[in-house]
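Peer 1: Before I ask anything, here is the structure I am working with.
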Amino acid sequence: MAISYNAQNQKTADLTELVGTQLFKQVSMAQVAALLRYCPTLTLTNGDRLIVPGQTVDKVHLLLQGRLQVFDDEPNGKPIGQILQGECVGLSSFVDRQP
C-alpha cells in the first residue's frame, strides 16, 4: 500500500478542527499546540509518497492539513482510500513492525 499526497481541497491546519478529532477529543487546544511544538513536520507535494510498499514504518504521522490518498501499489492507479486532516498514518504498521 502506498500513501501519496494529493493537493486537492487543501486546507490550512486549524487546531480547533484537530481538537474535534477522535485522537484529541479529550485534549485542550493548548495541550495539542504544546505537543505539536516538539514534533517535526513534513511538507509533501502532489505525488510524494509518505509510506512505500514493503518497507517497515518507524514513525506514526498525524495529518495536519490537506488529505492523503491511499493506493494499493501504483500511485498512478485508482486510490483505494484517503486519510483526512487529524487522522494518523502508519499506526498499525508501526505497532505490528510489519511492512
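The values are calculated or read from the model by the stated rules, or taken from the named source; none is laboratory data. Note that the coordinates shown come from a computational prediction; the quantities given were computed from them, not determined experimentally. Cβ atoms come from the backbone with ideal geometry, glycine included; neighbour counts cover every protein chain shown. Remember, those area values only see protein heavy atoms, side chains included, never the ligands or the DNA or RNA. Shrake-Rupley method; radii C 1.70, N 1.55, O 1.52, S 1.80 Å.
Peer 1: Can you go through L50, L18 and tell me which one is more than 21 Å from P99 (Cα to Cα) and not in a loop (DSSP other than H, G, I, E, B)?
Peer 2: Working: L50 fails: more than 21 Å from P99 (Cα to Cα).
Just one listed residue meets the conditions, L18.
Peer 1: Still on this structure: When region 46-99 is examined, which residues are found to be within 22 Å of Q22 (Cα to Cα) and of a type in the set (S, T, Y)?
Peer 2: Residues satisfying the conditions are S92, S93.
Peer 1: Now for a different question. Out of region 42-80, which residues are within 25 Å of K25 (Cα to Cα) and touching a Leu at 6+ places or on another chain (Cβ under 9 Å)?
Peer 2: If the condition is that a residue be within 25 Å of K25 (Cα to Cα) and touching a Leu at 6+ places or on another chain (Cβ under 9 Å), then L42, V60, H61, L62, L63, L64, G66, R67, L68 are the ones that fit.
Peer 1: Can you tell me which residue is surrounded by the most Cβ atoms within 10 Å (Cβ to Cβ) among those in region 66-84 that are modelled with pLDDT of 80 or more and among the polar types (S, T, N, Q)?
Peer 2: First pass over region 66-84, keeping only residues modelled with pLDDT of 80 or more: 66-71, 78-84.
Right, trim to among the polar types (S, T, N, Q) and you get 69, 82.
Values: Q69: 17, Q82: 13.
It comes out as Q69.
Peer 1: Can you name the residue in region 18-38 that is open to solvent by 60 Å² or more (accessible area, probe 1.4 Å) and among the hydrophobic types (A, V, I, L, M, F, W, C) and, of all such residues, is modelled with the highest pLDDT?
Peer 2: To start, the set of residues in region 18-38 that are open to solvent by 60 Å² or more (accessible area, probe 1.4 Å) comprises 20, 22-23, 25-26, 29-31, 35, 37-38.
Remaining after also requiring among the hydrophobic types (A, V, I, L, M, F, W, C): 23, 29-30, 35.
On the way: L23: 76, M29: 80, A30: 85, L35: 79.
The residue in question is A30.
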